[in-house]
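Got a structure for you, questions after.
The values are calculated or read from the model by the stated rules, or taken from the named source; none is laboratory data. Since this is a predicted model, take the numbers as computed values, not measurements. Positions of Cβ are generated from backbone atoms using ideal geometry, with glycine treated the same way; all protein chains shown enter the neighbour counts. Remember, those area values only see protein heavy atoms, side chains included, never the ligands or the DNA or RNA. Shrake-Rupley method; radii C 1.70, N 1.55, O 1.52, S 1.80 Å.
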Amino acid sequence: MRTTWTFHTASQLLFGRNAVDQLGEVAGRLGAKRLLIVTDTILAKAGPLDRVRGPLSQSGVRVEIFDGGEPEPSMRAAEASIAQARKFAPDAVLGLGGGSNMDLAKITATVLTHGGTPRDYVGDDKIPGPIMHLICVPTTAGTGSEVSAASVLTDEEKQLKVGILSNYLRPQVALVDPLLTVSCPPKVTADSGIDALTHAIEAFTAVDNADFPLPPGDRTVYQGRHPLGDCLAGKAIRLIGENLRRAVANGNDLDAREGMALGATLAGMAFSNVGVAAVHALEYPVGGATHCSHGAGNGLLLPFVMRFNLPARRAEFATIARILHEDVSGLDDEKAAERAVAAVEKLRLDIGIPQRLRDIGVKKEQLRPFAEKAFGIRRILRVNPRVVTVEDLEGILQAAF
Ligand SMILES: NC(=O)c1ccc[n+]([C@@H]2O[C@H](COP(=O)([O-])OP(=O)(O)OC[C@H]3O[C@@H](n4cnc5c(N)ncnc54)[C@H](O)[C@@H]3O)[C@@H](O)[C@H]2O)c1
Ligand SMILES: [Fe+2]
């Protein structure tokens, strides 16, 4: 049976070098007079905070800064941001940073609007209505949070990353200025860049929308593979394949930075409608326990999950090999698809992503519990093109060990 598919993104996307100069106008159009910037101390020192604050202050907006953001933000960081926001009483929130700070800004705007605590909103579609004005300004080329419907937090008690998913979390404005990513050190560039590639590949090879196994009455923002998602994910894979090595090797290569910024945002548009799958499901427990970055965990796991999914998506993986400029002439789809895995393995090695779970401190006895935790994350596992059992997940982790 064919179903209807939909597409959601940020209400407005502003993309380009020096786009931050337009922030005053952007805030004016939203009617924002008191704006809270959610960021961290690294971005306060590295330059992006000054670039963003300048045009806002010039336009007369009263700005306050929360700089308590942290990588893979904890519930505690979210509570701190919310507490400061309650005191300041902003009429708009701006997330400045990588996915971590943008996700903090999203949960801050949510709790300020609807009350409660961050934990109340964990899961699918728990936010009851629109949230206050939210502007997201990414400083990494990675997560796509500036257009996505997700906010990802770390639940320290459960040692697990948890996701809040709702179309109400999509910002009013995504302002993507590639120049803000120039100060990213190589490791952040590599980790966030391969996260974006993972988003694009998981969306491009997801279960078809027509076969999306959603139980009746179950609501989710993810809906399986559809034609618009394919366009965006395919273009994102090309841009990331052509630019990620260059951006890691030379952070001042502005064309590479711009290619990555566009690639990551397009990948965000794709995955935040189609869904992410087994790589992300497995990364949640791995990242929660080892504190490796989300991108490093995904990049490590990506080729192992691709190999597992090959039988279900040969033609699509063969296409990915071509998009990544692999020479597949004369090869059938099966052999060409394997070239996609090899290309990702080579890229991963070239940009310094860890190769094995043992390299990031995982112990063999953790593999089964990780597989069980990942198996519980149904909302993303059901996007995977091949049905997975706990044993399958354990097998993937063993291969990656
Ligand atoms: N909301 C979503 O849709 C979504 C999607 C994927 C991942 N995520 C989440 O996003 C987080 C990862 O985000 P990320 O990969 O963008 O990294 P990040 O936000 O965790 O940033 C990593 C580090 O790089 C620093 N940094 C960022 N930009 C910089 C710059 N321009 N110059 C200098 N330093 C800079 C930060 O201060 C931080 O210390 C994870 O928590 C992950 O789970 C969210
Ligand atoms: Fe991700």
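Any chance you could count how many residues in the range 220-247 are part of a loop (DSSP other than H, G, I, E, B) and within 18 Å of the chain's Cα centre (by Cα)?
5
Could you list all residues from the range 95-112 that are of a type outside the set (Val, Ile, Thr) and over 18 Å from residue 142 (Cα atoms)?
Within the range 95-112, 109, 112 qualify.
Moving on. Just to be sure before I move on: is residue 232 within 16 Å of ligand 2 (Cβ to nearest atom), over 30 Å from residue 111 (Cα atoms) and either modelled with pLDDT of 95 or more or crowded, with 21+ Cβ neighbours inside 10 Å (or both) in the structure I sent?
Taking the combined requirement at face value, the residue satisfies it.
Exactly one condition in (1) of a type outside the set (Ser, Thr, Tyr); (2) surrounded by 14 or more Cβ atoms within 10 Å (Cβ to Cβ); (3) at pLDDT below 95 is false for residue 23; which is it?
All conditions pass for residue 23, except number (3).
Kindly evaluate residue 286 against the criterion of being touching a helix residue (DSSP H, G or I) at 6+ places or on another chain (Cβ under 6 Å) and within 11 Å of ligand 2 (Cβ to nearest atom).
The answer is no for residue 286.
Restricting to the range 151-162, and then to whatever is near ligand 1 (Cβ under 8 Å from one of its atoms) and more than 16 Å from residue 111 (Cβ to Cβ), can you tell me which residue is surrounded by the most Cβ atoms within 10 Å (Cβ to Cβ)?
The selected residue is 154.
Additional query: Hey, can you tell me all the residues within the range 330-377 that are assigned to a helix (DSSP H, G or I) and out of contact with any helix residue (DSSP H, G or I) (no Cβ under 9 Å at 6 or more places or on another chain)?
346, 349, 365
Determine if the range 84-101 includes at least one residue that is within 14 Å of ligand 1 (Cβ to nearest atom) and open to solvent by 50 Å² or more (accessible area, probe 1.4 Å).
No: the range 84-101 contains no residue that is within 14 Å of ligand 1 (Cβ to nearest atom) and open to solvent by 50 Å² or more (accessible area, probe 1.4 Å).
Residue by residue, here is whether (1) under 30 Å from residue 340 (Cα atoms); (2) open to solvent by less than 10 Å² (accessible area, probe 1.4 Å); (3) more than 16 Å from ligand 2 (Cβ to nearest atom) holds:
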{"site": "103", "(1), (2), (3)": "no, no, no"}
{"site": "143", "(1), (2), (3)": "yes, no, no"}
{"site": "176", "(1), (2), (3)": "yes, yes, yes"}
{"site": "190", "(1), (2), (3)": "yes, yes, no"}
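Here's something else I'd like to know. Has the range 178-188 got at least one residue that is within 16 Å of ligand 2 (Cβ to nearest atom) and hydrophobic (A, V, I, L, M, F, W, C)?
yes
Residue-wise test of (1) under 19 Å from residue 192 (Cβ atoms); (2) more than 23 Å from the chain's Cα centre (by Cα); (3) modelled with pLDDT of 95 or more.
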residue: 328; (1), (2), (3): no, yes, yes
residue: 331; (1), (2), (3): no, yes, yes
residue: 343; (1), (2), (3): no, no, yes
residue: 348; (1), (2), (3): yes, no, yes
residue: 357; (1), (2), (3): no, no, yes
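Quick check on this structure: which one of 312, 281, 267 is among the aliphatic types (A, V, I, L, M), open to solvent by less than 50 Å² (accessible area, probe 1.4 Å) and in contact with a Lys or Arg (Cβ under 7 Å, 6 or more places away or on another chain)?
Going through 312, 281, 267 in turn, the sole match is 312.
Name every residue in the range 367-386 that is open to solvent by 10 Å² or more (accessible area, probe 1.4 Å) and farther than 26 Å from residue 164 by Cβ, in order of residue number.
Answer for the range 367-386, where residues must be open to solvent by 10 Å² or more (accessible area, probe 1.4 Å) and farther than 26 Å from residue 164 by Cβ: 368, 386.
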